[in-house]
Amino acid sequence: MNVMTEEQNNTALAEGVNIIKGHVKHLSATPGVYRMLDESGDVLYVGKAKSLKSRVASYTNPNGVSYRIARMIAETRDMMFVHTHTEAEALLLESNLIKKLKPKYNILLRDDKSFPYVLITEDHDFPLLTKHRGAQKIKGSYFGPFANAGAVNRTIGFLQKAFMIRNCSDNVFAGRARPCLQYHIKRCTAPCVGYVSKEEYAEQIRHVKEFMSGESRAIQDEYAAKMQAASDALDYEQAAKYRDRIKAMAALQGRQDIHIQGLKDCDVVCLVRKEGRACIQVFFFRAGQNYGNKAYFPRHSDDDPDGDILASFLAQFYESRPVPPDILVNMMPSEHTLLEDAFNSRQDTMRKVSITTAQRGKKRRVIDFVLKNCEDALDRELLRVTSEKKIMDALVDLFELENVPSRIEVYDNSHVSGTNMVGAMVVAGPDGFQKNAYRKFNIRSADASDDYGMMREVIMRRFSRAIKEGHSKEKGIWPDLLLIDGGLGQLNAVHEVLEDLNIADDLVVVAIAKGVDRHAGRERFFMKGRDEFTLPPNDAVMHYLQRLRDEAHRYAIGVHRARRDKEMKGSALDHIPGVGGKRKKALLLYFGSVKNVETAALADLKKVEGISDSLAEIIYGYFHEN
């Protein structure tokens, strides 16, 4: 590890200041975004400014700045600029670039997965109730966001019990000849077989939308009146149905931890900081209903003020998400007025956005509730980090590493009788599994019976590409430790590849093999130049390594199954000359299934739009040539 002397640090700092001064000469006092680049061209920092000239010029006087800023200036070797019309535009662009480039000196929201929604489609006579994640391109009504898939799945389950809306795909709906299980367990009114009219089903859909829009009291009152009317008419079976639907609605509302009267569409965002870590908890309220919560642990420096952390989080969090009209916080973020201007300038903002806090009343009660959850989440995270740190320190001693590993790559292969061979790489570090860094490899050249050859191919493809793209430890994408699922044979196969690439001395490789009778807890470890060794069954490091190995195994099996399922779902139509995606779709829409295409008469094949007489004969001949 290279440690710079004080003289070298001062020289680098002076060089960085001179480079920044050179750029200041050509800047104007207009709003914009600037990027600071290192000698490799990688982005160190992204910032926004009301006046680019003034803001960038502030870096030319490093006296009195924090150690972090001084280090950033010392590493700066170039800058890039984008001028914007307003400071609000600059803030939006800044948050977009931070999320995209992940500069090491910026406050960073590390978990950026999209949230699921409840979707009621509008492109069918009998709309579908389903879960949706991602871009909202399907025509329909979206309700959310929900904090996680579990929350949205539970909500859909209760909605089916209360309103009996179908959840089958349009293809399944079109192919039904009799009601499915959902009808028999009273979760669907079976519109697929005409048990309910279009008008009656539309009434069901109206009730769902009203309920999800906050009109739950009105719906419950309506169902209660119908239940009483059915009971008065001695139709106890119908009355029981309405009773069960009212109970389902009440159960859905009862699962919410907190319900505040008058809190409509609002996100409650609270920040707590302790022992150098910050936790930000977000609770989602829509139409007065609690849609769940999620905790975030953004990357930041010790000298970043709480207001800056919260402001940067909000800008990045809402960069690709709809912003609710109310954002309730436990402390005002830095430049909150600018944040509001930026959110209100977005095209997808339907209502004016305001960021507020409260010291008393109903809103203060919900802030205190979220703060308690935030503190608990941070305490759990600190315990996890402490435990992980002890394990990481133990790994240094166990595997004779130079430093605490920041990136551990774990490899496993999966296949069934030599078919659909895949390799998998999972990545872990001090903050847990880095799922966005996982990689899969479709094994192409290795022999189906050669497990060592499969591992050679995976490692060769991983590191030959890394070398070609100039990966390094400094960029954070070069592993400190390779963990291989296998024994001495796999270890030797990996080392052969690394030696061919001249990087064997740059990597520590450990193979982990199951013990006698493949018994978990008796794993054996293999390293080059060391005798085989093991660890006590109850050792925390043993459990950690098992968890890494098991995650690689889980991911490899998942990748293999996905590839196998994709192959199995491929149909005979894929192999018929002249039948591409469009014609395949036309055949399936006309006949309903591949089996029906196989048994179709030639005259019927000719009736399909886009299928010429000559192609119909080819298709017919393909299935009847014997």
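The values are calculated or read from the model by the stated rules, or taken from the named source; none is laboratory data. This is a predicted model, so every value here is computed, not measured. Counting neighbours? That spans all protein chains shown, and the Cβs are built from the backbone with ideal geometry, glycine included.
Results for (1) farther than 25 Å from LEU93 by Cα; (2) touching a His at 6+ places or on another chain (Cβ under 6 Å), shown as yes or no for each residue.
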| site | (1), (2) |
| --- | --- |
| HIS23 | no, no |
| THR30 | no, yes |
| GLU39 | no, no |
| SER51 | no, no |
| VAL56 | no, no |
| VAL65 | yes, no |
| ARG68 | no, no |
| THR76 | no, no |
| MET79 | no, yes |
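Of all the residues that make up segment 346-374, how many are within 25 Å of GLY432 (Cβ to Cβ) and surrounded by 15 or more Cβ atoms within 10 Å (Cβ to Cβ)? Result for segment 346-374: 4. Scanning segment 297-317 for residues that are part of a loop (DSSP other than H, G, I, E, B) and not polar (S, T, N, Q) yields PHE297, PRO298, HIS300, ASP302, ASP303, ASP304, PRO305.
So if I check each of GLN347, GLN359, GLN289, which one is in contact (Cβ under 8 Å) with a residue 60 or more places away in the chain, of a type in the set (S, T, N, Q) and over 16 Å from LEU109 (Cβ atoms)? Spell out how you get there, then give the answer.
Numbers: GLN347 fails: in contact (Cβ under 8 Å) with a residue 60 or more places away in the chain; GLN359 fails: in contact (Cβ under 8 Å) with a residue 60 or more places away in the chain.
Only one candidate passes the filter, namely GLN289.
Going by what's in this entry, would LEU91 be described as buried (at least 18 other Cβ atoms within 10 Å of the Cβ), under 15 Å from ARG35 (Cα atoms) and of a type outside the set (Asp, Glu)? Answer is yes for this residue. Filtering segment 323-337 to residues that are out of contact with any Lys or Arg (no Cβ under 9 Å at 6 or more places or on another chain) and not in a strand (DSSP E or B) leaves ASN330, MET331, MET332, PRO333, SER334, GLU335, HIS336, THR337.
For segment 500-546, taking the residues that are on the phi > 0 side of the Ramachandran plot and not basic (Lys, Arg), the one that is modelled with the lowest pLDDT is identified as ASP517. Pairing residues of segment 549-565 that are closer than 15 Å to ILE443 by Cβ and modelled with pLDDT under 90 with residues that are β-branched (Val, Ile, Thr) and crowded, with 21+ Cβ neighbours inside 10 Å, at Cβ distances under 7 Å and at least 6 apart in sequence or on separate chains, gives VAL559/VAL422; HIS560/VAL422; ARG563/VAL422. Taken residue by residue, segment 54-61 has no member that is surrounded by fewer than 16 Cβ atoms within 10 Å (Cβ to Cβ), at pLDDT below 95, over 14 Å from LEU27 (Cβ atoms) and in contact with a Ser or Thr (Cβ under 8 Å, 6 or more places away or on another chain).
Per the conditions (1) modelled with pLDDT under 90; (2) touching an Asp or Glu at 6+ places or on another chain (Cβ under 8 Å), the sole criterion not satisfied by ALA147 is (2).
In the set (1) touching a Lys or Arg at 6+ places or on another chain (Cβ under 7 Å); (2) at pLDDT below 90, the condition left unmet by PHE297 is number (2). Restricting ASP531, ASP505 to residues that are in a helix (DSSP H, G or I) and farther than 17 Å from MET455 by Cα narrows the list to ASP505.
Can you tell me which residue is farthest from the chain's Cα centre (by Cα) among those in segment 116-136 that are part of a loop (DSSP other than H, G, I, E, B) and closer than 29 Å to VAL193 by Cα? Walk me through it before giving the result.
Here is the first cut: in segment 116-136, the ones part of a loop (DSSP other than H, G, I, E, B) are 122-128, 134-136.
If we keep only those that are closer than 29 Å to VAL193 by Cα as well, we get 122-128.
Values: GLU122: 27, ASP123: 28, HIS124: 30, ASP125: 33, PHE126: 31, PRO127: 28, LEU128: 25 Å.
Going through the qualifying residues, I end up with ASP125.
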